[in-house]
Amino acid sequence: MSKSPYREAIDSISDALCVAVSKAGYSVERDDVARSVSLSDRFSDISSTIAMKISKMRSEPADAISDKIIAAMPALPIVRRAYRKGGFINFDIDRAGFSKGVITDIIRNPDSFIRSDTGKGKRVIVEYPSINPVHPLHVGHLRSAILGDMISNILELCGYSVEREDYIDDLGLQAAEALWGLINIRKLGIEFDRNRKYDHMLGDVYVKVNELIKSDPAILDDIKRTSELMEQSGTYESTMLREMVERFISSEYETLSKLGIFHDLLVWESSILRAKLLDKALDMMSSSRITEIPKDGKYAGCIVIDLKRFEGAPEEFREQKETVKVLVRSNGIPGYLSKDIAFHMWKFGIMHDTFMYKEFMRQVNGRPLYTTSDTGSRMDFGNAVISVNTIDSRQSYEQSLIGVVLSGMPGYSDKSLIHIPYGVVELESGALSGRKGTWVGFTADDLINESRSRAESLISSREELGKSERERIAEAVGISAIKFEFSKVSYEKKIVFSWDRALNFEGNSGPYAQYMYTRSLRIIETLRERPTEFRAELLESDVEFALVKRMSEAAEIVAKAGSEYRPNMIVSYLSDISTMFSRFYEAKHVVKAESEDLRDARLAVVRAFNILSCKLLEICGIDRLESM
């Protein structure tokens with residue numbers, strides 16, 4: 001792909017600096033010089049910190065070094081002046097030429113200016129939100145879903161072939177508890193209300209079962225028996241389990257579709273067992289000497305990994321107090337870790353794919369959602385070079401352990417397991433727990449409904465909008481408020497959700513970004529003309545060039561967000577350009593500009609912003625609105 005105007009400017013100055021640094025008598029790695037060059041908001045248009053770096057290495061004043069380098073700089077068409085200030089080597093550039101290039105690139109290449117080919121020919125699997133199918137999505141799961149969806153969108157723009165997957169843990173203890181509750185619902189003292197959303201009703205059953213366990217621990221034996229039966233093909237329990245989980249998934253996707261979040265494939269834990277993938281994974285780990293079966297002691301008869309003896313394990317794993325991890329108990333029952341390892345061996349194509357696939361449902365975006373199944377046909381899933389898992393930070397150890405095991409397997413050396421350990425989400429009532437039912441009132445559905453209601457109250461004064469139009473806008477604004485607030489900070493950080501921040505129309509929010517996009521659209525529709533040429537030299541103010549300069553970084557920021565798996569970079573960038581566009585709009589007339597040439601030049605800026613804003617909103621999964 002051709003270089004962007006931003007990259008052309010940065011690279012040409014970096015190359016010239018490398019020549020000048022060498023001529024000035026200094027030896028610095030080319031990459032260090034390149035890293036020192038960036039756009040500047042302080043003293044100039046572009047600046048370099050290379051003099052300060054050399055100063056630390058040579059104990060020579062940075063100003064003196066700067067003078068030598070500037071004197072040795074070859075002439076560049078883009079550079080109008082090079083000078084030192086504040087320890088930086090500063091460059092004033094040809095603003096008109098740069099602005100012309102940036103704006104023209106965006107307008108002429110609206111579908112490609114932001115793309116890169118970093119991941120061309122590579123498949124990546126992004127797994128999210130992979131919740132236990134026993135209670136509705138709560139706000140913590142919502143963060144996983146939003147992060148996973150945004151990461152998928154970013155990676156697609158970086159050229160990757162992205163496979164969006166949802167792991168269905170249908171054989172865990174929690175599923176057994178919910179199933180036992182359905183079978184014995186009279187013992188719980190509740191009636192199954194078929195008029196309620198299924199995942200909410202099932203969540204009530206699950207909570208009641210856990211309350212009953214506290215008062216009558218003897219039912220744990222019944223639940224254990226239910227767990228055993230539901231894993232056996234052809235039993236009443238296995239049939240009812242499949243029906244329960246399928247109804248749960250359909251209900252879950254009602255919620256996800258409201259958020260514009262979709263998947264390609266459901267991978268069921270039961271499929272891993274029935275397709276014999278777990279057996280194959282255990283055989284391969286044994287052949288690679290990753291696992292062993294102790295003959296005596298507390299782990300006698302178990303299939304285990306002894307991290308102290310496993311050569312591929314990092315030092316911090318070997319030095320733990322307990323280094324033995326059980327994959328399969330002596331009674332033959334596999335643990336969650338063993339199935340997760342098998343799942344990831346399938347993801348990376350380390351073992352042959354024996355899954356069958358069929359369509360589970362047609363999603364509201366028109367795309368099919370496929371599922372692993374006992375019947376169906378072979379399809380091209382899995383076999384990725386990168387697997388990204390959005391799983392909360394409390395499971396960081398388990399995710400690291402899977403990576404350690406995979407590193408000892410043949411065929412993994414060129415693959416990467418990426419864990420996105422997101423922080424917990426809290427509302428005013430604190431952290432959430434599915435088992436205790438403290439998610440009640442804090443489900444994703446509750447948040448969506450409340451956000452829509454609050455958004456509608458904020459736009460209710462717009463009398464020119466009909467009722468259905470207000471409701472549509474309120475829905476879109478409410479969803480944007482949630483998505484923006486959930487993804488604007490680094491994923492490691494805890495979120496305390498705030499309605500005041502989420503629905504702030506004054507800045508740094510989803511609704512604010514939507515409003516700036518809509519405002520730019522109004523200007524374009526008002527003028528109607530689409531001049532193919534414009535006089536960039538008329539864009540001479542700092543407020544105009546600041547916006548253009550920030551817009552020039554689009555492709556670089558998307559590529560960086562993709563390489564670091566950080567959606568917050570996109571959200572922060574969207575917030576920045578929205579704020580800068582607002583300043584431009586408030587400071588400079590477009591429709592009523594002093595001349596036609598000036599109007600056309602500023603209209604070009606507006607069009608470029610509109611296109612870029614549209615692309616960033618798409619990455620965030622936020623609807624663009626024609627009116628607000």
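The values are calculated or read from the model by the stated rules, or taken from the named source; none is laboratory data. Not measured: the values here are computed from a predicted model. Note: ideal-geometry Cβ built from the backbone for every residue, glycine included; neighbour counts use all protein chains shown. The accessibility values were calculated without ligands, DNA or RNA, using every heavy atom of the protein model including side chains. Shrake-Rupley method; radii C 1.70, N 1.55, O 1.52, S 1.80 Å.
Points worth noting:
- Being within 22 Å of residue 582 (Cβ to Cβ) and in a helix (DSSP H, G or I) is a property that residue 524 has.
- Scan of the stretch 95-116 for residues that are among the hydrophobic types (A, V, I, L, M, F, W, C) and either part of a helix (DSSP H, G or I) or more than 23 Å from residue 617 (Cβ to Cβ) (or both), ordered by number: 96, 98, 102, 103, 106, 107
- Breaking point among (1) hydrophobic (A, V, I, L, M, F, W, C); (2) open to solvent by 10 Å² or more (accessible area, probe 1.4 Å); (3) touching a residue at least 24 places away in the same chain (Cβ under 8 Å), for residue 245: (2)
- Taken together, the residues in the stretch 287-318 that are charged (D, E, K, R) and surrounded by 11 or more Cβ atoms within 10 Å (Cβ to Cβ) amount to 6.
- Pairing residues of the stretch 411-434 that are at negative phi and modelled with pLDDT of 90 or more with residues that are open to solvent by less than 40 Å² (accessible area, probe 1.4 Å) and among the charged types (D, E, K, R), at Cβ distances under 6 Å and at least 6 apart in sequence or on separate chains, gives 422/143; 422/392.
- Residue within the stretch 41-55 that is closer than 30 Å to residue 530 by Cβ, of a type in the set (D, E, K, R) and modelled with pLDDT of 95 or more present: yes
- Within the stretch 72-94, the set of residues being surrounded by fewer than 16 Cβ atoms within 10 Å (Cβ to Cβ), on the phi < 0 side of the Ramachandran plot and not in a strand (DSSP E or B) comprises 74, 75, 77.
- Close pairs (6 angstrom Cβ cut-off, 6 or more residues apart or separate chains): of a type in the set (Gly, Ala, Ser) in the stretch 55-73, open to solvent by 90 Å² or more (accessible area, probe 1.4 Å) and outside any loop (DSSP other than H, G, I, E, B) anywhere: 66/84; 72/23
- Residues that are touching a helix residue (DSSP H, G or I) at 6+ places or on another chain (Cβ under 8 Å) and open to solvent by 20 Å² or more (accessible area, probe 1.4 Å), drawn from the stretch 355-372: 360, 361, 364, 365
- Subset tally (residues that are within 30 Å of residue 476 (Cα to Cα) and of a type in the set (D, E, K, R)) for the stretch 257-281: 2
- Residue in the stretch 528-543 that is open to solvent by less than 10 Å² (accessible area, probe 1.4 Å) and among the β-branched types (Val, Ile, Thr) present: no
- Evaluation of residue 160 against the conditions (1) buried (at least 21 other Cβ atoms within 10 Å of the Cβ); (2) closer than 21 Å to residue 339 by Cα shows that the sole unmet condition is (2).
- Out of 573, 565, 585, 512, one residue alone is at positive phi, touching a residue at least 40 places away in the same chain (Cβ under 8 Å) and crowded, with 17+ Cβ neighbours inside 10 Å. It is 565.
- Qualifying residue in the stretch 381-393 (condition: open to solvent by less than 30 Å² (accessible area, probe 1.4 Å), farther than 21 Å from residue 271 by Cβ and assigned to a helix (DSSP H, G or I)): no
- Any hit, the stretch 332-346, residues being in contact with a helix residue (DSSP H, G or I) (Cβ under 8 Å, 6 or more places away or on another chain) and part of a loop (DSSP other than H, G, I, E, B): no
- Scanning the stretch 165-182 for residues that are open to solvent by less than 60 Å² (accessible area, probe 1.4 Å), more than 25 Å from residue 235 (Cβ to Cβ) and outside any helix (DSSP H, G or I) turns up at least one hit.
- Checking each residue in the stretch 17-67 for being assigned to a loop (DSSP other than H, G, I, E, B), open to solvent by less than 30 Å² (accessible area, probe 1.4 Å) and touching a strand residue (DSSP E or B) at 6+ places or on another chain (Cβ under 8 Å) picks out 36, 40, 44, 45.
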